[in-house]
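A short write-up of the structure that comes next.
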Amino acid sequence: MSFQQRNITVSLVTFILILGFYLLRIFQLLQSDTFTSTNIFRLWGIIIILAIVATIVLTILAHIGSAIVQVIKTGDENPKIEDIQDERDKLIDLRGTQITYLASSLGVLVAMLTFVFGQPPLVMFSLLVFFGLLAQIIGDFSRLMLYRRGF
Amino acid sequence: MGKSRISNNIRKLRFFHNEMTQQQLAEKVGVTRQTIIAMEQDKYSPSLELAFRIAHVFTVPLEEVFSYEAPEDGK
């Protein structure tokens, strides 16, 4: 697994965990009848901060982890980590970003459709975050697939 | 996606250049080893610049490294 693939895997796992946490919190709010704007916007804030912090921390940990594995494997104290991004990496990243934007746009459309069906704005806001996280997961997954299947 | 219409002789050329490793070739042309692997498996068609760089490393013309198979309908 290359350096880029490892980074994408870390991002994918991070966003799956964040999405799981988000759905759990939404479910808890619905169960306890506290699905209010204050709680939803607080959850928005938590999710955004969590996504930023978790991505940074887990990426750093993944770098350290891969360096340790490299030292154990090669026995070299200064392991060479292939962290360059070449033309293929850039193309795959670009395609992944396109897929993320497409999924995100469809998500926004679906979220807006809830108004058509007479749902309150809170449902739309909740779905926006859900589809934002889902789009990131779909984008990361498609990047990994492009690395495996060829591009 | 998948197999490209552009095939190459990189594996053979590496062999005839003192069994040059994928890593050595990757360093010479400025890409990752994974990109060399993808090209050897015909899973990635390089840019024109990278194709020329590879040909330059092996000191052969571009056509000796890469070949293009046109589709049957000529498109």
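Contact list please: Cβ distance under 9 Å, first residue in the stretch B:40-64 and touching a residue at least 24 places away in the same chain (Cβ under 8 Å), second residue in a helix (DSSP H, G or I) and among the hydroxyl-bearing types (Ser, Thr, Tyr), pairs at least six apart or on different chains.
B:TYR44/B:THR35
Going by what's in this entry, would B:GLU63 be described as more than 29 Å from A:MET1 (Cβ to Cβ), more than 14 Å from chain A (Cβ to nearest Cβ) and surrounded by fewer than 19 Cβ atoms within 10 Å (Cβ to Cβ)? Before the answer, list the steps.
Details: more than 29 Å from A:MET1 (Cβ to Cβ): yes; more than 14 Å from chain A (Cβ to nearest Cβ): yes; surrounded by fewer than 19 Cβ atoms within 10 Å (Cβ to Cβ): yes.
It is true that B:GLU63 is more than 29 Å from A:MET1 (Cβ to Cβ), more than 14 Å from chain A (Cβ to nearest Cβ) and surrounded by fewer than 19 Cβ atoms within 10 Å (Cβ to Cβ).
Filter the stretch A:44-54 down to the residues that are surrounded by fewer than 18 Cβ atoms within 10 Å (Cβ to Cβ) and either within 14 Å of chain B (Cβ to nearest Cβ) or closer than 22 Å to A:PRO121 by Cα (or both) and list them by number.
Within the stretch A:44-54, A:TRP44, A:GLY45, A:ILE46, A:ILE48 qualify.
Among the listed residues A:LEU61, A:LEU12, which satisfies the condition of being exposed (fewer than 13 other Cβ atoms within 10 Å of the Cβ) and on the phi < 0 side of the Ramachandran plot?
Working: A:LEU12 fails: exposed (fewer than 13 other Cβ atoms within 10 Å of the Cβ).
Result of the check over A:LEU61, A:LEU12: A:LEU61.
Given the criteria surrounded by 13 or more Cβ atoms within 10 Å (Cβ to Cβ) and at pLDDT 90 or above, does A:PHE21 qualify?
Values: surrounded by 13 or more Cβ atoms within 10 Å (Cβ to Cβ): yes; at pLDDT 90 or above: yes.
Here the answer is yes, as A:PHE21 does meet what is asked.
Might you let me know whether the stretch A:25-43 holds any residue that is loosely packed, with under 11 Cβ neighbours inside 10 Å and charged (D, E, K, R)?
Checking the stretch A:25-43: at least one residue is loosely packed, with under 11 Cβ neighbours inside 10 Å and charged (D, E, K, R).
Show me the helices (runs of 4 or more DSSP H) found entirely inside the stretch B:1-50 where at least 2 residues are more than 7 Å from every other protein chain (Cβ to nearest Cβ), more than 22 Å from A:MET1 (Cβ to Cβ) and open to solvent by 50 Å² or more (accessible area, probe 1.4 Å).
Numbers: elements: B:10-16, B:22-29, B:33-40.
In the stretch B:1-50, B:10-16 are the helices (runs of 4 or more DSSP H) which contain 2 or more residues that are more than 7 Å from every other protein chain (Cβ to nearest Cβ), more than 22 Å from A:MET1 (Cβ to Cβ) and open to solvent by 50 Å² or more (accessible area, probe 1.4 Å).
Being within 18 Å of the chain's Cα centre (by Cα) and surrounded by fewer than 20 Cβ atoms within 10 Å (Cβ to Cβ) is the filter; apply it to the stretch A:104-124 and report the residue that is nearest to A:THR38 (Cα to Cα).
Initially, the stretch A:104-124 is screened for residues within 18 Å of the chain's Cα centre (by Cα), giving A:104-108.
Checking which are surrounded by fewer than 20 Cβ atoms within 10 Å (Cβ to Cβ) leaves us with A:104-106, A:108.
Numbers: A:SER104: 24, A:SER105: 26, A:LEU106: 26, A:VAL108: 21 Å.
If we take residues in the stretch A:104-124 being within 18 Å of the chain's Cα centre (by Cα) and surrounded by fewer than 20 Cβ atoms within 10 Å (Cβ to Cβ), then A:VAL108 is nearest to A:THR38 (Cα to Cα).
What pairs come up if the first residue lies in the stretch A:1-15 and is within 14 Å of chain B (Cβ to nearest Cβ) and among the hydrophobic types (A, V, I, L, M, F, W, C), the second is open to solvent by 40 Å² or more (accessible area, probe 1.4 Å) and not in a helix (DSSP H, G or I), and their beta carbons are under 6 Å apart, counting only those six or more places apart or on different chains?
A:PHE3/A:GLU82; A:PHE3/A:ASP83
Can you confirm whether the stretch A:67-86 contains a residue that is touching a residue at least 24 places away in the same chain (Cβ under 8 Å) and open to solvent by less than 40 Å² (accessible area, probe 1.4 Å)?
Checked against the condition, which is being touching a residue at least 24 places away in the same chain (Cβ under 8 Å) and open to solvent by less than 40 Å² (accessible area, probe 1.4 Å), the stretch A:67-86 yields no hits at all.
Which of the residues that make up the stretch A:125-150 are within 14 Å of chain B (Cβ to nearest Cβ) and surrounded by 14 or more Cβ atoms within 10 Å (Cβ to Cβ)? Write out each step before concluding.
Taking the stretch A:125-150 and keeping what is within 14 Å of chain B (Cβ to nearest Cβ), we get A:142-150.
Matches in the stretch A:125-150: A:SER142, A:ARG143, A:LEU144, A:MET145, A:LEU146, A:TYR147, A:GLY150.
State all residues of the stretch A:90-128 that are touching a residue at least 12 places away in the same chain (Cβ under 8 Å) and under 18 Å from A:ARG148 (Cα atoms); if no residue qualifies, say none.
A:LEU91, A:ILE92, A:ASP93, A:ARG95, A:GLY96, A:THR97, A:ILE99
The values are calculated or read from the model by the stated rules, or taken from the named source; none is laboratory data. Everything numeric here is computed off the predicted structure, so don't read it as measured data. Note that we place each Cβ from the backbone using ideal geometry, even for glycine, and neighbour counts take in every protein chain shown. We work out accessible area using only protein heavy atoms, side chains counted, and drop any ligands, DNA or RNA first. Shrake-Rupley method; radii C 1.70, N 1.55, O 1.52, S 1.80 Å.
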